[in-house]
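Notes for the one structure printed next.
The values are calculated or read from the model by the stated rules, or taken from the named source; none is laboratory data. Just so it is clear, the structure is predicted and the values come from calculations on it, not from any experiment. Glycine gets a Cβ as well: all are built from the backbone with ideal geometry, and neighbour counts include every protein chain shown.
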Amino acid sequence: MQLKLTTKEKLVLYGLARYPGLSDIDLASRIGVDRSTIFKSKRKFREWQLIQLLNVPSGTAVGAELLTVVFTKYEPAAPVEIRENTEEFRQWVGHPKCVFHAATDTDSVSMVYSKSYTDFKSVFDPVMDAYMDEEFVEDIKCYHYPFGLTSSSCDSALAVDNTFNLVRNDLEDEALLEEGYAVVPTKLTEKDKLALYAFVKYPAHSDLELSRRTGISRPTISGKRNKFFQTGLLSRQAHVDWQKIGCELMSFYHVDIKPRASQEDLMRVYSSFRNIGAALFSYIQPGEIFGSFLSQCYIEMKNGMDDVVRTLTEEGLIQERPAHVIMPLKSLKVNKVNYAPMVKSMLDVSKEI
């Protein structure tokens, strides 16, 4: 059932997506809504399970060199109910380094962190081969994004603005967050690793609660929290249950850009795809872009995608039709977003908290 949000609640949802790390006082001044409304709205959002604020680690901070995106198309006889009863499904979707997996009966999109290309191949090639042997899969495509070369944008605020037509003027159209820019210590101490894991696993917990769970003193937890966010080891992101506010379609795309494209060409393609629907996120490296956006109407989304592809092809910026996966939100049967097991695995954290 679609939730009915008041005008102020829409602004609060936007504010939480745009400024996920701000206190209620600072957020009130940014979006022009009083603190009591923010407090009441946040309580409602928790009851509705509408928004989840995550602490997302930098890939380089945890020792990952590669983000791999996997687009999979399944045979009609292999819906989720069949796939999820196999060991291969548990090895794939349940693997700690698989931080994101969205799936319908016919398609899935995964995001996997790895220490290297070899690391990814050794873990996931046997699983994908087993899927092939079971005749579950019609096609699998893997796209590799080295963190040292990849920029990213998290656009939840843009999606909220677009969905509710808020026309906010505090959005940065071309804001990119550089992966790999974090000032990572030469060697993370055991306390650093445990604290980083705790921040990712329990993003809403207070320093006092995390101190109790980890055995690290409260002042030390507070200091590490500040250091990790200031140096870019952690960033705050908002994940919204888009179906609850009336969105119908989620699209994922991967586009190859012409060889030796300039930075200006890259940004031209990035901007074009980012404006098709309500942009969710983008990952950009020289020659390639992977991203996602929301749509309210299939016809408008299809026309928008076709127009962008036609224009960019005529301009010589792209040479092939992009890979494009469309998922009706009502048809989603798996929707995993979880970075904590990956951090625990990558940093070899032995303590469970």
Checklist entry - Within region 43-70, how many residues are more than 30 Å from D125 (Cα to Cα) and surrounded by 20 or more Cβ atoms within 10 Å (Cβ to Cβ)? => result 3
Checklist outcome for this item: Flagged pairs (Cβ under 8 angstrom, 6 or more apart or on separate chains; first in region 338-353, under 9 Å from L194 (Cβ atoms); second of a type in the set (V, I, T) and surrounded by 21 or more Cβ atoms within 10 Å (Cβ to Cβ)) are L347/V62; V349/V343
Checklist outcome for this item: Residues of region 285-337 being touching a strand residue (DSSP E or B) at 6+ places or on another chain (Cβ under 7 Å) and acidic (D, E), in sequence order, are E288, E320
Checklist entry - Within region 263-294, which residues are over 18 Å from E314 (Cβ atoms), out of contact with any helix residue (DSSP H, G or I) (no Cβ under 7 Å at 6 or more places or on another chain) and outside any helix (DSSP H, G or I)? => result F281, Y283, G287, E288, F290, S292, F293
Checklist entry - Quick one: would you say E81 is over 25 Å from F290 (Cβ atoms), among the charged types (D, E, K, R) and modelled with pLDDT of 95 or more? => result yes
Next on the checklist: Being of a type outside the set (S, T, Y) and either outside the structural domain of W92 (by TED's automatic domain parsing) or crowded, with 17+ Cβ neighbours inside 10 Å (or both) is the requirement here; does D125 meet it?
Outcome noted: no
Checklist entry - Counting just the residues of region 92-120 that are hydrophobic (A, V, I, L, M, F, W, C) and either within 15 Å of the chain's Cα centre (by Cα) or assigned to a strand (DSSP E or B) (or both), which one comes out surrounded by the fewest Cβ atoms within 10 Å (Cβ to Cβ)? => result F100
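Matching residues to (1) surrounded by fewer than 18 Cβ atoms within 10 Å (Cβ to Cβ); (2) outside any helix (DSSP H, G or I):
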{"position": "T313", "(1), (2)": "yes, no"}
{"position": "E320", "(1), (2)": "yes, yes"}
{"position": "V325", "(1), (2)": "no, yes"}
{"position": "K336", "(1), (2)": "yes, yes"}
{"position": "K344", "(1), (2)": "no, no"}
{"position": "D348", "(1), (2)": "yes, yes"}
